[in-house]
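Everything on this sheet refers to the single structure shown next.
Bear in mind these aren't lab numbers, they're just calculated from the coordinates by the rules spelled out. These figures come from a predicted structure and were not determined experimentally. Note that each Cβ is placed from the backbone with ideal geometry, even for glycine, and that neighbours are counted across all protein chains shown.
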Amino acid sequence: MTTGYLTRAEIWLFLTTLIYFLMNGAQLFETLVFVPRWAASPPDNFRLLLDGRGAGLKHFWIVFHSLHEVTFLLAIIFCWKLAFVRNWLLALFAIHFAVRVWTLAFFAPNIIHFQKIAETPSLVNDLAARVSLWQTLNYVRVAIFMAVSIGLAPLCIRVFHLRH
C-alpha cells in the first residue's frame, strides 16, 4: 500500500463522511423544524411545500444527494484495496441505496401529492393519517441515514491509523 493510495483513500472517505454528516444535519433540521410545521394542519400548511412560495427543498436535496452519492462511490473505489473498509463501505452503501429507493418510491411521490393538494385544494380521504404515516416513517428514514453516517466514522479512524 503506497502513501499516495492511502492519502486518496483518506480524502474520499473523509469527504463522504463529512458530506453525509452535513446531509444528516439538514435532514434533522427539516425533520424537527420544517416537517412538523407543514404536517401540523394538512392541507392548510401544504403551501409551505411549494417552490417559490414555500421552502422549495427539491433542488437542494437533489444536489446534496447526488454530490454525496458520487463521493460515496469514489470512497468505495479509492478504498477498494482495504478489504475491511471496502466491505463495510459496500454494506453501508447497500443500506443507503435501499433507503434512497424507499425515498423515491414512497416519500417523494407523497410530497409531490401533498404539493398538488396545496396547488389545487381538494378533499382527500384520510389525509391526516397519510401525513402522520409520512412523518413517522420519515423519523425511521432519518435514523437509518444517521446510523449509516455514524458507521462511516470508525472506518475513517481506521484508515487514518493505517498511515500514522
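A few remarks follow.
- Comparing Ala75, Ala83, Ala91 in a Gaussian network model of the chain where C-alpha atoms under 10 Å apart are linked, the largest mean-square fluctuation is found at Ala83.
- Of Thr17, Thr120, Thr31, the residue with the greatest mean-square motion in the GNM of the chain, using alpha carbon springs below 10 Å, is Thr120.
- Alpha-carbon centroids, the stretch 98-123 and the stretch 141-164: separation in whole Å: 31
- DSSP-loop chymotrypsin sites (Phe, Trp or Tyr not before Pro) across the stretch 1-82, with at most 15 other Cβ within 10 angstrom: Trp80
- Reciprocal of mean inverse Cα separation for the stretch 1-122 (Kirkwood radius, Å): 16.4
- The chain, dipole about Cα centre (Lys/Arg Cβ +1, Asp/Glu Cβ -1), debye to the nearest 20: 360
- Restricting the trypsin sites (Lys or Arg not before Pro) of the stretch 1-55 to loop positions (DSSP other than H, G, I, E, B) with no more than 13 neighbouring Cβ atoms within 10 Å leaves Arg53.
- Angle in degrees between helix 83-102 and the longest Cα principal axis of the chain, rounded to the nearest 10: 10
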